[in-house]
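A.B. asks: Here it is, the structure in full.
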Amino acid sequence: MIAYQLSIFAEDKPGRLAKVTGILKKGKINLRAITISTSDTFGVINVLVDDPEGARSILEEAGLTVSMKEVIAVVIEDRPGGLDRLVQLLLENGINVGNAYGFVLESRKKAVFVVDVGDQLEKTQRVLKEASLETLDAKALSAIEPFHYMNY
Amino acid sequence: MYWEKDIETIPREKLEALQLARLKESVAKASSSVFYGDLFRKIGLDPNDITTLEDVRKIPFTTKDDLRDHWPYGFLAVPKDDLVRMHSSSGTTGRATVIFHTLNDINEWTNIVARSMYMTGMRRSDVFQNIMTYGLFTGGLGFHYGAEKVGALIIPAGSGNSKRQIQLMQDFGTTAIHIIPSYALHLSSVFEEMGVDPKSDTQLAIAFLGAEPHSEKTREKIEQFYGLKAYNSYGLSEMDGPGVAFECPYQNGMHVWEDNFILEVVDPDTLEPVADGDGGELVMTTLLREGMPILRYRTKDLTRIIPGPCECGRTHRRIERIKGRTDDMLILKGVNIFPIQIEKKLMDIPGVGTNFLIVLEREGFNDLMIVKVEVQKEFFSGDLKQLEGLRRRIVEDLKSDILITPKVELVEPGTLPKSEGKAVRVIDNREE
Ligand SMILES: [Zn+2]
């Protein structure tokens, strides 16, 4: 399954991140994960949200430059070696990971690792399926919340 | 194809004879103004001393400072009651200059604008949307009256309000527009946002680009995106405004209407005339102006005369696309740089957006050039490496042209400043 990540072009100046989170809050968009990469005077904010299309349109309305990208959100076990299994698998199959980040789903049980594999999307999906690794799409990502709360 | 065939294709000798006759009159008229009256007395020039066209060089140059120093009425050659309109240039530095017109002045100006528009193919059947500021600025009203004289239907849209501009084009079948080039590029992103394709969803066929020097590449971009022919134009309020020089359908230089103006190109340092075809500062003299004749005005615009006749049959000489302004020139580490050079390079690089800004800073004893470049929306894929690659390419390309390594910063589309719709190109923070 495919998930969608939004990338926002951001100059490296105060308030850019706050602007993005402010817009998402106003639009009642839930953030699953956020990463920021910067280079000198500009950077890219990557967000994984429960409603990618909706988030994209309100961010663009606010004048931001947004790009939507297909990524794979892999469910891995939240224990030592959980991530290693996935990474080794990708390596064995010659899949290059451009950008990656993770977040915990259920502490000590499940985590999600998001990988951007560029044009190797189909191949990655096949490899993961063969290894019986679960992937989440946008809908599944938006349904995470209740489980999350139940753990508390 | 000609608005006034006789005058547009007049043989050179006849044109020069006409110019001489009109120059004599213009000098005589000018001598009744305070400024030229005093000047001629001081240097002992009698209007009757003008017996050949070359004698124009006996008259000293007039500069913007002269206009400022004799503000507002020192150049008037008629009683104030004969005036019907004033225009003013946007004074970015110091006091704005004011130009006054009699009714005849307005009519002559309107005629050359109509002549220019007709030359590009605009007719009474056209719908002309004037996307320019109306008011003191000559661009709005100048084109408005010209288009009215041609007989086109005018939509006096004024500047700004991008979505409404596009709506007007669609609702009323606009075929011709008058637009600032940087705004035309900006508007293209609004077209995309609205999901409107100017090529299939509008009837646009002609664009008059003006009020801002721009590169050939910018013209191409505009022509391709809108699916039309874009014509460069030149004008300045001291010489009426738009319509002073205009491109014909061959789009190879702008014909200066020499029945209305004397054109000279001089070396900006020595002020001596340059050889035919060489670059220099454009100097112009009004030949028909009654209210406020201006002789040998230093325009500060840099160009050259394109030698030889034009295929269109018009005998009025052509000037090349304005290369820059003498006061636009940046001197950085002893190197002369014009913003238009930077634009030319940038527009060749895929991924570069519609606007850029040059900021000059002093770091210790060193001058630093920072070029802020808007990224094209479509180019952004979320990949930082791709942006970094674009930044490096810009640095390399600029360095190869201007021999200075600029600091390049990529900025978000639509965030760089504009004034009166025109792009702000340079901010110099080096002054103490
Ligand atoms: Zn021509």
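A.B. asks: Can you list the residues, at least 5 places off or on another chain, whose amide H is less than 5 Å from the amide H of A:Thr135, using H built in the peptide plane?
C.D. replies: A:Val75
A.B. asks: How many Cβ atoms of partner chains, on average, are near each residue of B:406-413 if near means within 10 Å of its Cβ?
C.D. replies: Partner Cβ neighbours, averaged per residue: 4.
A.B. asks: Right, here's the next one. Which whole number gives the average count of other chain Cβ atoms within 10 Å of the Cβ atoms across peptide A:9-21?
C.D. replies: Numbers: counts 12, 1, 6, 1, 1, 0, 0, 1, 0, 0, 0, 0, 0.
Going residue by residue through A:9-21 and averaging, the value is 2.
A.B. asks: Excluding same-chain residues fewer than 8 positions from A:Lys139, which aspartates and glutamates have a Cα within less than 19 Å of its Cα?
C.D. replies: Within the straight-line limit of under 19 Å, A:Lys139 reaches these aspartates and glutamates: A:Asp50, A:Asp51, A:Glu53, A:Glu70, A:Glu106, A:Asp116.
A.B. asks: What are the aspartates and glutamates whose alpha-carbon lies under 18 Å from the alpha-carbon of B:Lys344, with same-chain residues fewer than 8 places away excluded?
C.D. replies: B:Lys344 reaches B:Glu212, B:Glu216, B:Glu220, B:Glu223, B:Asp301, B:Glu320, B:Asp328, B:Glu374, B:Glu396, B:Asp397, B:Asp401, B:Glu409.
A.B. asks: Quick check on segment B:1-160: of the DSSP beta bridges with both residues there, what percent are antiparallel, nearest 5%?
C.D. replies: Taking every DSSP beta bridge with both residues in segment B:1-160, the antiparallel ones total about 60 percent.
A.B. asks: Can you give me the Cα centroid spacing of segment A:18-32 and segment B:184-259 in angstrom?
C.D. replies: Taking the Cα centre of segment B:184-259 as reference, the centre of segment A:18-32 is 41 Å away.
A.B. asks: Mind checking the dipole of chain B: about its Cα centre, +1 per Lys or Arg Cβ, -1 per Asp or Glu Cβ, Debye to the nearest 20?
C.D. replies: 400
A.B. asks: While we're looking at this one, here's another question. Evaluate the charge dipole of segment B:297-397 about its Cα centre and quote only its size in Debye, nearest 20, assuming +1 on the Cβ of each Lys and Arg and -1 on the Cβ of each Asp and Glu. Walk me through the intermediate numbers first.
C.D. replies: Values: 19 positive and 16 negative charges, 101 e Å.
That gives segment B:297-397 a dipole magnitude of about 480 debye.
A.B. asks: Taking θ as phi - 60°, what are the ³J(HN,Hα) couplings along segment B:62-79 by the Karplus curve (6.51, -1.76, 1.60), each to the nearest whole Hz, with x for Gly and Pro?
C.D. replies: Whole-Hz 3J(HN,Hα) from phi for segment B:62-79: 10, 10, 4, 4, 4, 4, 5, 5, 10, 5, x, 10, x, 9, 5, 10, 9, x.
A.B. asks: Where nothing but the Cβ of Lys and Arg (+1) and of Asp and Glu (-1) is charged, how large is the charge dipole of the protein assembly as shown around its Cα centre, in debye to the nearest 20?
C.D. replies: In debye, rounded to 20, the protein assembly as shown gives about 820.
A.B. asks: If you take each beta carbon of peptide B:376-386 and count the beta carbons of other chains within 10 angstrom, what is the mean?
C.D. replies: Whole-number average of other-chain Cβ neighbours for B:376-386 is 6.
A.B. asks: Per-residue counts of other Cβ atoms within 10 Å, averaged by peptide: what ranking do you get for B:366-375, B:14-23, highest first?
C.D. replies: Details: B:366-375: 19.0, B:14-23: 16.3.
So the peptides B:366-375, B:14-23, ranked by packing, come out B:366-375, B:14-23.
A.B. asks: Right, next: Amide H of A:Leu31: which non-local residues (sequence gap of 5 or more, or other chain) have their own amide H closer than 5 Å, using H built in the peptide plane?
C.D. replies: The list, which skips near neighbours in sequence, is empty: none.
A.B. asks: In the protein assembly as shown, if the dipole is taken from +1 on Lys/Arg beta carbons and -1 on Asp/Glu beta carbons about the Cα centre, which of B:Thr102, B:Phe225, B:Ser215 is farthest to the positive end?
C.D. replies: B:Phe225
A.B. asks: Return the lysines within reach of B:Lys58: Cα separation strictly under 22 angstrom, same-chain partners fewer than 8 residues apart disregarded; answer none if there are no such residues.
C.D. replies: Straight-line reach from B:Lys58, under 22 Å: B:Lys24, B:Lys29, B:Lys42, B:Lys300.
A.B. asks: Any idea what the relative contact order of chain B is, in percent, if you count C-alpha pairs under 8 Å spaced at least 6 apart? Walk me through the intermediate numbers first.
C.D. replies: Working: 853 pairs, mean separation 60.5, N = 432.
With pairs under 8 Å counted, the relative contact order is 14 percent.
A.B. asks: Please state the shape class of the protein assembly as shown: rounded when a/c is under 1.5, otherwise prolate if a/b exceeds b/c and oblate if not, all from the C-alpha gyration tensor. Don't jump to the answer; show the numbers that get you there.
C.D. replies: Values: a/c = 2.93, a/b = 2.40, b/c = 1.22.
It comes out prolate by the Cα gyration axes.
A.B. asks: Express in whole angstrom the spacing between the alpha-carbon centres of segment B:92-133 and segment A:56-100.
C.D. replies: Segment B:92-133 and segment A:56-100 have Cα centres separated by 58 Å.
A.B. asks: Considering only DSSP beta bridges with both partners in segment B:275-432, what is the antiparallel share in %, to the nearest 5?
C.D. replies: Rounded to the nearest five, the antiparallel share is 75 percent.
A.B. asks: Could you tell me which of B:Ser381, B:Phe356, B:Val244 has its Cα farthest along the dipole of chain B towards the positive end, charges placed at Cβ (Lys, Arg +1; Asp, Glu -1), taken about the Cα centre?
C.D. replies: B:Ser381
A.B. asks: For helix B:12-30, what angle does its Cα long axis make with the longest principal axis of chain B, in degrees from 0 to 90 and rounded to 10?
C.D. replies: Value to nearest ten degrees: 80.
A.B. asks: Using amide H atoms built in the peptide plane, which far-off residues or other-chain residues are under 5 Å from B:Ile427 H to H?
C.D. replies: Here the answer is B:Ile358, B:Val359, B:Leu360, since their amide H atoms fall under 5 Å of that of B:Ile427.
A.B. asks: Given the peptides A:31-37, B:139-145, arrange them by the average over their residues of other C-beta atoms within 10 Å, most packed first.
C.D. replies: Highest-to-lowest ranking by the protection proxy: B:139-145, A:31-37.
A.B. asks: Could you work out the relative contact order of chain A? I mean the mean sequence separation of Cα pairs under 8 Å and 6+ apart, divided by the number of residues, in percent.
C.D. replies: Across chain A, relative contact order equals 28 percent.
A.B. asks: With point charges of +1 on the Cβ of Lys and Arg and -1 on the Cβ of Asp and Glu, referenced to the Cα centre of the protein assembly as shown, which listed residue (B:Gln170, A:Gln120, B:Val408) lies farthest in the positive direction of the dipole?
C.D. replies: Result: A:Gln120.
Quick note: the coordinates plus some simple rules give every number you see, no bench work behind them. Since this is a predicted model, take the numbers as computed values, not measurements. All Cβ positions, glycine included, derive from the backbone under ideal geometry; neighbour counts span all protein chains shown.
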